[in-house]
Amino acid sequence: MHGSRDSQKGLHDPMNATSHGMAALAPTATRFLARHGHAHARLEPLASDASPRRYFRLPEAGLLLMEDRDDPIGFAAYLRLSHHLNALGLSAPVVHGADPDHGLALVEDFGHRTYTTCLSTGEDERTLYALAVDALLHLHRHTGATQVSQPVYDMTTLLDELDIFSDWYAPAIAPDMDHPTFARQFRTLWAQALAPMARQVETLVLRDFHVDNLMLLPQRKGVARCGLLDFQDAVLGPCEYDLVSLLQDARRDLAPGLEERMLARYINGAPARLGDATAIRHRYALLGAQRHARIAGVFLRLNRLHGKSRYLTYLPRVLGQLESSLAGAGLTDITNFLNTHLPGWQAKGTALGDGSHDTQGAPHD
């Protein structure tokens, strides 16, 4: 759920519609398939959340056709990061052929067992999350993790993401506020709070490391059993960010006590360069607060620009996570600022989430 595009929720679930087959493809795609020996392949279109990226399953070949003509930078990053992650000993879909000029690739098909699907069918939650935490630990301990050309998650990026809260969430609950002054002061407070994170290039941050983008690959060994999706927006930055994505999910509650057990599991295996448990927990809360503030704004933007009101149902959870993370990171200046300039900011946002306010009439991500 980042500002540049929507996540690929439901990527590996077939659409209810019947297969469109080759007729659904542009001529460049049919020629691409023919060049790779799949001229007569049966295709099954796959559902995606909101991304312009399209996928078709080639069930007999164990491959997916990926078509993305709108994001050449993201497409190139996908190819680069697929190779990199596999070289590190993790599991990303292997690319078996690509045509970057037309945004086409044939990639390994990991099947249907997303973490979301596994959890809905009774797989053990603690076992799945422990595997995901171990995959993060493997990545974070690997000395080659940052040896790839990706943007740095720098202070400007962190603060620009927080502008989404100022631009979308704050006006939604306080339409008569002095928006320019609020946005400027909010950004200044966050610049002070995030100063310790500046220039911390510790690992490859996948950014959308949550149950919709993780797959169980039981035929593999060790951390390779955790399949990774939707990593093309990865950046170089702090380790704790992906841990927050996993353990403070905007879309689902974890079993009581599971977040703490998994956080402790991470701390026990964390590389020494991250410092002690207190340091890790502080950064976890700090990055959590930044992430939850951004997501609150993203959900309002998705609703207002695209009519995606279903995202508002997640607002109460995200706002509760934001309040807890602000407290956990000791960000009293930001909490006081919100209480002063957006009185009732959590209650009013929660009301949007329970349908108490109509937000469909005005101006995902």
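Looking at region 86-99, can you tell me whether even one residue there is of a type in the set (Val, Ile, Thr), open to solvent by less than 10 Å² (accessible area, probe 1.4 Å) and out of contact with any Gly (no Cβ under 8 Å at 6 or more places or on another chain)? Reasoning before the result, please.
So in region 86-99, the residues of a type in the set (Val, Ile, Thr) come out as 94-95.
Next, only the ones that are open to solvent by less than 10 Å² (accessible area, probe 1.4 Å) stay: none.
Within region 86-99, none of the residues are of a type in the set (Val, Ile, Thr), open to solvent by less than 10 Å² (accessible area, probe 1.4 Å) and out of contact with any Gly (no Cβ under 8 Å at 6 or more places or on another chain).
If you go through region 55-76, how many residues are outside any strand (DSSP E or B) and either surrounded by fewer than 20 Cβ atoms within 10 Å (Cβ to Cβ) or touching a helix residue (DSSP H, G or I) at 6+ places or on another chain (Cβ under 6 Å) (or both)?
So the answer is 12.
Between VAL223, VAL205, which is buried (at least 20 other Cβ atoms within 10 Å of the Cβ) and β-branched (Val, Ile, Thr)?
On the way: VAL223 fails: buried (at least 20 other Cβ atoms within 10 Å of the Cβ).
From the options VAL223, VAL205, the qualifying one is VAL205.
Limited to region 169-217, what total is found for residues that are more than 19 Å from ALA279 (Cα to Cα), out of contact with any strand residue (DSSP E or B) (no Cβ under 9 Å at 6 or more places or on another chain) and of a type in the set (S, T, N, Q)?
Residues meeting the conditions: 3.
Just give me the residues in region 305-330 being open to solvent by 70 Å² or more (accessible area, probe 1.4 Å) and of a type outside the set (A, V, I, L, M), in sequence order.
Residues satisfying the conditions are HIS306, ARG310, THR313, GLU323, SER324.
For region 331-345, how many residues are of a type in the set (D, E, K, R) and surrounded by 17 or more Cβ atoms within 10 Å (Cβ to Cβ)?
Adding up the residues that qualify gives 0.
Is it the case, given these coordinates, that ALA29 is open to solvent by 20 Å² or more (accessible area, probe 1.4 Å) and either of a type outside the set (Ser, Thr, Tyr) or modelled with pLDDT under 95 (or both)?
No: the conditions fail for ALA29.
For region 79-87, state whether one or more residues are assigned to a helix (DSSP H, G or I), at pLDDT 95 or above and in contact with a helix residue (DSSP H, G or I) (Cβ under 6 Å, 6 or more places away or on another chain).
No, there is no match, as no residue in region 79-87 is assigned to a helix (DSSP H, G or I), at pLDDT 95 or above and in contact with a helix residue (DSSP H, G or I) (Cβ under 6 Å, 6 or more places away or on another chain).
Would you confirm, using the coordinates I've provided, whether THR350 is over 20 Å from HIS210 (Cβ atoms), open to solvent by 10 Å² or more (accessible area, probe 1.4 Å) and at pLDDT 95 or above?
no
Report every pair of residues separated by at least 6 positions or lying on different chains whose Cβ atoms are under 8 Å apart, first residue within region 139-163 and farther than 25 Å from CYS226 by Cα, second open to solvent by less than 40 Å² (accessible area, probe 1.4 Å) and in a loop (DSSP other than H, G, I, E, B).
ASP154/ALA198; MET155/ALA198
A quick yes/no check of all residues on (1) more than 18 Å from the chain's Cα centre (by Cα); (2) of a type outside the set (Val, Ile, Thr):
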position: PRO72; (1), (2): yes, yes
position: ALA77; (1), (2): no, yes
position: SER82; (1), (2): no, yes
position: ALA87; (1), (2): yes, yes
position: ALA92; (1), (2): no, yes
position: PRO100; (1), (2): yes, yes
position: VAL107; (1), (2): yes, no
position: TYR115; (1), (2): no, yes
position: ASP124; (1), (2): yes, yes
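Taking region 272-283, which residues are under 23 Å from the mean Cα position of the chain (by Cα) and open to solvent by 10 Å² or more (accessible area, probe 1.4 Å)?
Scanning region 272-283 gives ARG281, HIS282, ARG283.
The values are calculated or read from the model by the stated rules, or taken from the named source; none is laboratory data. Note that the structure is predicted; figures quoted are calculated from it, not measured. Every residue, glycine as well, gets a Cβ built from its backbone with ideal geometry; the counts of neighbours run over all protein chains shown. Just so you know, the surface numbers come from the protein's heavy atoms only, side chains and all, with ligands and any DNA or RNA stripped out. Shrake-Rupley method; radii C 1.70, N 1.55, O 1.52, S 1.80 Å.
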